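**Student:** Have a look at this one.
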């Protein structure tokens, strides 16, 4: 291990964009992790990702694959996970430059199982090529569609993904069978595992939090072993120590409808990749405001490239692992070095079939406990993304109807059976339905929404009415633009202060208020008669000194101080202020970084 650490110390990762480091992170994106902590965290991420090989085994069971073919598919899949994880962490030329670990794509379990049953592993070559090619194309398109994927859309996808985990998590934790009976032993093991993860994550020290998930897994496995409930260990005796993947020829006779389905599901999976990349950006930036679309698109392309490369080995397509993002949250460690080490360990495990198969024997109830935590984390993270922006009635219907569509699909799966058979699998997936609904509604509701608006002022308005109109103007249109709540609050306060400053001089009269917005700038312009405000020319007085001032000139000094107060307040509220003349009228411009 020391030799590996020394090799790692010689490398330098391509730098991430400069951001403000959150105080609660132990290791942020570009920070190197000490050797012992790096090894421990990478092992946790590797174990978590390999536990999800259960999706591959489930697909192999549907396809009726023999043990040797299954082992070959598992080995190739782990190699694909390692490639994609390395690309995401390295981040150049492809990758999100974030601690994003990959796992088998759960959306493709049934399709891959049915395809391999009929065409063998050769079907996985074309499935992987189509999946990866669609993802790489989406990675170039999505950064140019910032307005199509606002934080609300990403938040909906993340939140519904968490909601979709609830059913399998509960079923896995309780080991509920087809007869609707609960296995009390498995349920107890799952709840104890979850309790250990939660307790160590909340009340543990920084070092203890790093081991929360791994400790829960170990305790759950030990409890299951003591109860004699671990099954499948006999498979290890018939598994070779070393194993190499083999190349496969594409099964060109595969049905085109299957490939279309794979392409559509790949596109929907990239919404999850996009949301995960945004979530990691948010975790690494204390002052996070908006998604870095270029890095998010690069992360999608890394996912696609990993699947294209591994497809020739007969790999099950992979996607971003939500459970590993939850682990990064638990450990408060998002260092990309952890991702690089995890990729190296995954690659090593891919050539050790006994290791990978042993990890897949983790009890179902223990995996269910991890899924419960991941579901809770994703739901809350999605809600935070949605709530980060102000919403008007359009935003309310966008979020509400998207949730209804996605969750309704989960609650009433029979609805999808009324659709044509060729698209039933799409309509049965709540994540796909919610994501598509959110995108369509976002495009529809944007119709008629101008990014530049003006409000004329009634000259007969009294000061109180004028101030209220200015605040309402900012809040109403800020919500319509889905601007950040903090920016709208500052802009509303600045607009109120500006109107009061203009009304303080009887020679000035407010004529109109104009607002404009894009994802980077929120601007207000107040047009008024009279001379421009001279905010920059006024010296900022020591207002606190007035408390100790006593003399015949006190009233005059107080008036001078109060005259400069609007300029002081506006400079604190707005990021930039400018004043001047525009023909026969004057203006006051307030700029807010968004």
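**Student:** In what sequence do 32, 12, 428 fall when counting other Cβ within 10 Å, fewest first?
**Tutor:** Working: 32 15, 12 8, 428 18.
In increasing order of surrounding Cβ atoms, one gets 12, 32, 428.
**Student:** In addition: Give me the one-decimal nm value for the distance between modelled label points at residue 244 and residue 114, 7 Å along each residue's Cα-to-Cβ direction.
**Tutor:** Result for the modelled spin labels: 3.7 nm.
**Student:** Hey, with R₀ at 56 Å, roughly what FRET efficiency would residue 414 and residue 237 work out to, going by the Cβ-Cβ distance, to 0.05? Present the calculation step by step, with values, prior to reporting the outcome.
**Tutor:** Details: r = 45 Å, r/R0 = 0.80.
The formula returns an efficiency of 0.80 here.
**Student:** With an 8 Å Cα cut-off and a minimum separation of 6 or more residues, compute the relative contact order for the range 202-308 in percent.
**Tutor:** This gives 16 percent for the range 202-308.
**Student:** Something else now. With r defined as the distance between the Cβ atoms of residue 225 and residue 181 and R0 fixed at 22 Å, what FRET efficiency is calculated, to the nearest 0.05? Show your work: numbers first, answer last.
**Tutor:** Details: r = 23 Å, r/R0 = 1.06.
Calculated transfer efficiency: 0.40.
**Student:** Helix 554-573 versus the longest principal axis of the chain: what angle, 0 to 90°, nearest 10, using Cα atoms?
**Tutor:** The two axes meet at around 30 degrees.
**Student:** Is the shape of the range 462-502 rounded, prolate or oblate, going by the alpha carbon gyration tensor and its root eigenvalues a ≥ b ≥ c, with a/c under 1.5 for rounded and a/b larger than b/c for prolate? Before the final figure, lay out the partial values.
**Tutor:** Working: a/c = 3.69, a/b = 1.84, b/c = 2.01.
Note, shape of the range 462-502 comes out oblate.
**Student:** While we're here: Would you work out if the chain is rounded, prolate or oblate? Take a ≥ b ≥ c from the square roots of the eigenvalues of the alpha-carbon gyration tensor; rounded if a/c is under 1.5, else prolate when a/b is larger than b/c, oblate otherwise.
**Tutor:** Numbers: a/c = 2.48, a/b = 1.99, b/c = 1.25.
Since a/c reaches 1.5 and a/b is larger than b/c, the shape of the chain is classed as prolate.
**Student:** Of the DSSP beta bridges with both residues in the chain, give the percent that are antiparallel, rounding to the nearest 5. Write down the numbers at each step before the final one.
**Tutor:** Numbers: 31 of 32 bridges.
Taking every DSSP beta bridge with both residues in the chain, the antiparallel ones total about 95 percent.
**Student:** Moving on to the next point. Would you work out the relative contact order for the range 335-479, in percent, from Cα pairs under 8 angstrom that are 6 or more residues apart? Working shown, then result.
**Tutor:** On the way: 59 pairs, mean separation 29.8, N = 145.
After rounding, I find 21 percent.
**Student:** Relative contact order for the chain: what is it in percent, counting Cα pairs under 8 Å that are at least 6 residues apart?
**Tutor:** Working: 1052 pairs, mean separation 127.8, N = 594.
With pairs under 8 Å counted, the relative contact order is 22 percent.
**Student:** Please determine, in degrees from 0 to 90 and to the nearest 10, the orientation of helix 322-331 with respect to the longest principal axis defined by the Cα atoms of the chain, where the helix direction is its Cα long axis.
**Tutor:** It works out to around 70 degrees.
**Student:** Right, next: Compute the long axis of helix 336-350 from its Cα atoms, compare it with the longest principal axis of the Cα atoms of the chain, and write down the angle in degrees, 0 to 90, nearest 10.
**Tutor:** 10
**Student:** Oh, and also: So, in Å, what gap is there between the alpha-carbon centers of the range 325-339 and the range 173-246?
**Tutor:** Using only Cα atoms to place each centre, the spacing works out to 21 Å.
**Student:** Which of the peptides 314-321, 159-166 is most tightly packed, and how do the rest follow, going by the mean number of other Cβ atoms within 10 Å of each residue?
**Tutor:** Details: 314-321: 29.5, 159-166: 23.4.
Highest mean packing first, the order is 314-321, 159-166.
**Student:** Let me ask you something else. Which peptide among 458-465, 403-410 comes first, and what is the full order, when sorted by highest mean count of other Cβ atoms within 10 Å? Walk me through the numbers on the way to the answer.
**Tutor:** Details: 458-465: 10.4, 403-410: 19.5.
Top of the packing list down: 403-410, 458-465.
Every read-out reported here was derived from the displayed coordinates using simple, explicitly stated rules and does not represent laboratory data. Everything quoted here is computed from the prediction, not taken from an experiment. All Cβ positions, glycine included, derive from the backbone under ideal geometry; neighbour counts span all protein chains shown.
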